[in-house]
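Participant: Attaching a single structure in structure tokens format; questions to follow.
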Amino acid sequence: MAGRINDDDVRAVRNAVPIDAVVSEYLQLRPGGGGNLKGLCPFHDEKSPSFHVSPAKGLYHCFGCQEGGDTVDFVMKVEHLSFSETIERLAAQAGITLRYEEGGYTPGRQQGERTRLLEAHKVAARFYAEQLGSAEAETGRAFLAERGFDQAAAGRFGVGYAPAGWDHLTRFLRGRGFTDKELTLSGLAQDGRRGPIDRFRGRLMWPIRDITGEVVGFGARRLREDDNGPKYLNTPETPIYRKSQVLYGIDQAKRDIGKQGRAVVVEGYTDVMACHLAGVTTAIATCGTAFGGEHVKILRRVLTDNSRSEVVFTFDGDAAGQKAALRAFEDDQKFAARTSIAISPGGMDPCDLRLAKGDEAVQQLIEDRSPLFEFAIRSFVTQHNLDTAEGRSAALEQAAPVVARIKDVSIQHDYAVRLGGMLGILDERFVINRVRQLARYAAPGGRGGRPGQSQGPGLYLRTPELHREREQLRLALQHPQLVAPAFDAYLADEFTAAPYATVRAAIDAAGGVTDAGDGAAYLARVRDAAPDDGVRSLITELAVEPPRSRREPDAIYAGEQLAGVRLAAVNRRIEDVRSAVHRLGAQGPPEQFEAAQQELWTLQQYRESLRARGAAAL
């Protein structure tokens, strides 16, 4: 059993490592006023910084999630370490030798598991780096040279070589006091017939470091033709390595990412090296997995994610690269930053580009980036036959949601016009209106996703624009007799917010308001008809929500809400039909043009009746 760390040593560790120095290893800190610093909280997702650090007090506190404490508390939580493991880690940083009160200090025995695994990786990284200079590693050095990397470049990134024998590293680490269990748990070794053997053999090795610079894994490149393994072999999932939570090069890139407000995401280890050597020092890469949500969280904290920052993705121009780019676009909304894409002529990756055309070409590649949403729009449009009306319609329905996701409204409008031009749709107003409609779906209080998808309630369903829809549903749940039977004739698409449309559908599935009967049983049926917990929660909320005004609901009040929702739906339909009439014009089939005109006239008459007679016109 490990001894208890001496209290004086614990106090020395707490005082030796400034909290701002530790925290800044994980996130970008900015002046926060009053001598404090602030940044995006690493413990919960947030859009604006609420995580504050007081260097003078040695404390941190998040006003969003209420997490707080000192340096030790921070490291314990962010790294999921025990108290003793945290003290050991901070002591190593500060150069403090710890004393243990029970049984003295025995290096290698009384350290925590994580500390031992990190130490094993540090020793392994040095071993591999030294082996790169061996005669056997000539193929590895040749591989690097062919890609424009000299000895200095290899040293800068700690590139090494794993000998081809079965247990070179295993025997070396055993000699340094590491147990067989630690070697297999770390992923550096694997079980063989007669005990552990090296996982990586005869390969070029890249150490993978976490954001603090600790080696947590390795990426290994195949060199020999008789190696039947994959081209790249990475460390398996271990207690210290999760590939979805690691970005290669983040330890070297993080400071420049924070300074420049830009991160460049490339596809491989050699691309990261090429970018950094070419002066693009904000390049990082994933480790054998697609760029995903956990990577977004890391970058957002380092960027101090806001509208002035930028994430640039570089992908090959082939089909696989385009697919990867569109996958990355799916995470676009998780960033406040702008997202861009850089694809070099000929589809060369940054490593090949640097080799063929030099450092300046790599820099120019990043400078010539274009918005990721523009790439996505063009990718979707080119999938369809624009010579047919059906093809243009399908292209519009696939590309319009992309335009609707553009954060800047003025740019969104410009791209809606450009989309119409790409598709050959002369009625640009039609395209603009379609984009605006989809943007309402995606906006807070709107559908929050693609049209037709059933989702839980949005965060801003109480906006004035949605007041009548919300009030009508509240009445339908609390006072069904006041809105019966008219409410049962309303369609789900008369409710513009998807959660409200889904509640309307649930009421219909429960039998409607006309035969609601007993209130408790009726509400139970409606809640049971909800498609998910989010909608079920919204139904409960509406069922107990007090009225907005002091006026007691009656038939007149209910009629006003019914007429208001229907009038808004009619107005929306009139706009749609007007666009159709304008689009058909003199060029469309006469029967379609006449039918559209007749529908427009009928809708306009119905609107005037609703305005004049209210609920009596329903």
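All of the numbers you see were taken from the coordinates with simple rules; none came from a lab. Everything quoted here is computed from the prediction, not taken from an experiment. For neighbour counting, all protein chains shown are included, and Cβ atoms are generated from backbone atoms with ideal geometry for every residue, glycine included.
Participant: Can you give me the distance in nm between label points at Asp150 and Asn15, each placed 7 Å from the Cα along the Cα-to-Cβ direction?
Facilitator: Calculated label separation equals 4.8 nm.
Participant: Rank Gly258, Gln364, Val272 by how far each Cα sits towards the positive end of the charge dipole of segment 250-373 (+1 on Lys, Arg Cβ; -1 on Asp, Glu Cβ) and give me just the farthest.
Facilitator: Among Gly258, Gln364, Val272, the one farthest towards the positive end of the dipole of segment 250-373 is Gly258.
Participant: Then there is this: Please report the relative contact order for segment 113-241, taking Cα pairs under 8 Å with a sequence separation of at least 6, and give it as a percent rounded to a whole number.
Facilitator: 26
Participant: Can you give me the long-range amide H partners of Phe218? Hydrogens built in the peptide plane at 1.01 Å from N, cutoff under 5 Å, separation of 5 or more residues or another chain.
Facilitator: For Phe218, the qualifying residues are Ile208, Thr235.
Participant: Still on this structure: What's the angle, to the nearest 10 degrees (0 to 90), between helix 7-16's Cα axis and the longest principal axis of the chain?
Facilitator: Computed tilt is about 70 degrees.
Participant: Taking amide H positions as placed in the peptide plane 1.01 Å from N, state which residues far from Phe313 in sequence (5 or more) or on other chains have amide H under 5 Å from it.
Facilitator: The answer is Val265, Ser340, Ile341, Ala342.
Participant: Something else now. Between Ala135 and Arg255, what is the FRET efficiency for a Förster distance of 30 Å, r being their Cβ-Cβ separation, to the nearest 0.05?
Facilitator: Efficiency, rounded to the nearest 0.05: 0.20.
Participant: Sticking with this structure for a sec: Given the Cα-Cα distance of Ala521 and Ala555 and 0.36 nm per residue of separation, how much length would full extension add, in nm?
Facilitator: 9.9 nm
Participant: Consider the candidate values (i) 57, 33, 21; (ii) 56, 38, 21; (iii) 39, 34, 25; state which one is semi-axes √(5λ) of the Cα gyration tensor in Å computed from the structure displayed.
Facilitator: Correct label, based on the coordinates given: (i).
Participant: Expressed as a whole number of Å, what is the distance separating the alpha-carbon centroids of segment 163-199 and segment 549-577?
Facilitator: Each part's Cα centre sits 73 Å from the other's.
Participant: Between the helical axis of 389-404 and the dominant principal axis of the chain, each derived from Cα atoms, what acute angle in degrees is found, rounded to the nearest 10?
Facilitator: 60
Participant: Output ³J(HN,Hα) for segment 68-74: one whole-Hz value per residue in order, computed from phi by the Karplus curve 6.51 cos²θ - 1.76 cosθ + 1.60 with θ = phi - 60°, and x for Gly and Pro.
Facilitator: x, x, 9, 4, 5, 4, 4
Participant: Taking each pair of different alpha-carbon atoms in segment 163-236 once, compute 1/r for the pair, average those values, and report the inverse of that mean as the Kirkwood hydrodynamic radius in Å to one decimal.
Facilitator: One over the average 1/r among Cα pairs gives 12.9 Å for segment 163-236.
Participant: Once amide H atoms are placed 1.01 Å from N in the peptide plane, what residues at a sequence separation of 5 or more from Lys38, or on another chain, have their amide H within under 5 Å of its amide H?
Facilitator: The list, which skips near neighbours in sequence, is Arg30, Gly32, Val53.
Participant: When only DSSP loop residues count, what trypsin sites (Lys or Arg not before Pro) in segment 1-73 have their Cβ near at most 15 other Cβ atoms within 10 Å?
Facilitator: Here the sparse-neighbourhood loop sites are Arg4, Lys47, Lys57.
Participant: Another question about this same structure. Could you check the spin-label model distance between Arg174 and Asn228? Points 7 Å from the Cα along Cα→Cβ, value in nm.
Facilitator: Going by the 7 Å Cα→Cβ label model, 2.6 nm.
Participant: Under a cut-off of 23 Å between alpha-carbon atoms, report the lysines in cross-link reach of Lys334, not counting same-chain residues fewer than 8 places apart.
Facilitator: Lys38, Lys47, Lys243, Lys254, Lys259, Lys297, Lys323, Lys407
Participant: Any idea what Rg and Dmax come out to for segment 130-198 if you just take the C-alpha atoms, in Å?
Facilitator: Just the Cα atoms of segment 130-198 yield Rg and Dmax of 14.3, 41 Å.
Participant: Shifting gears a bit: For segment 9-96, count all C-alpha to C-alpha pairs, find those more than 21 Å apart, and express that count as a whole percent of the total.
Facilitator: Summing the P(r) tail past 21 Å for segment 9-96 gives 25 percent.
Participant: Please give the Cα centre distance for segment 399-418 versus segment 38-70, rounded to the nearest Å.
Facilitator: Between the Cα centre of segment 399-418 and that of segment 38-70, the gap is 35 Å.
Participant: Run through the DSSP bridge list for the chain and note the antiparallel percent, rounded to the nearest 5.
Facilitator: Close to 75 percent.
Participant: Grab the Cα-Cα distance for Ala616 and Arg194, subtract it from 0.36 nm times how many residues apart they are, and report the gain in nm with one decimal.
Facilitator: Going from the current span to full extension adds 143.1 nm.
Participant: Right, here's the next one. Apply 1/(1 + (r/R0)^6) to the Cβ-Cβ distance of Arg378 and Arg440, taking R0 = 22 Å, and write down the FRET efficiency to the nearest 0.05.
Facilitator: Result of the calculation: an efficiency of 0.35.
Participant: Let me ask something else. Rounded if a/c is under 1.5, else prolate if a/b beats b/c, else oblate: with a ≥ b ≥ c from the C-alpha gyration tensor eigenvalues square-rooted, which is segment 45-89?
Facilitator: It comes out oblate by the Cα gyration axes.
Participant: Compute the helix-to-body angle for 533-544: its Cα long axis versus the longest principal axis of the chain, expressed 0 to 90° and rounded to tens.
Facilitator: 50
Participant: Under the rule a/c < 1.5 gives rounded, and otherwise a/b versus b/c splits prolate from oblate, where does segment 464-553 land using the Cα gyration tensor?
Facilitator: Judged from the Cα gyration tensor, segment 464-553 comes out rounded (a/c under 1.5).
Participant: May I pose another question? How large is the dipole of the chain about the Cα centre if only Lys and Arg carry +1 and Asp and Glu carry -1, each at its Cβ, rounded to the nearest 20 debye?
Facilitator: For this selection, approximately 720 debye.
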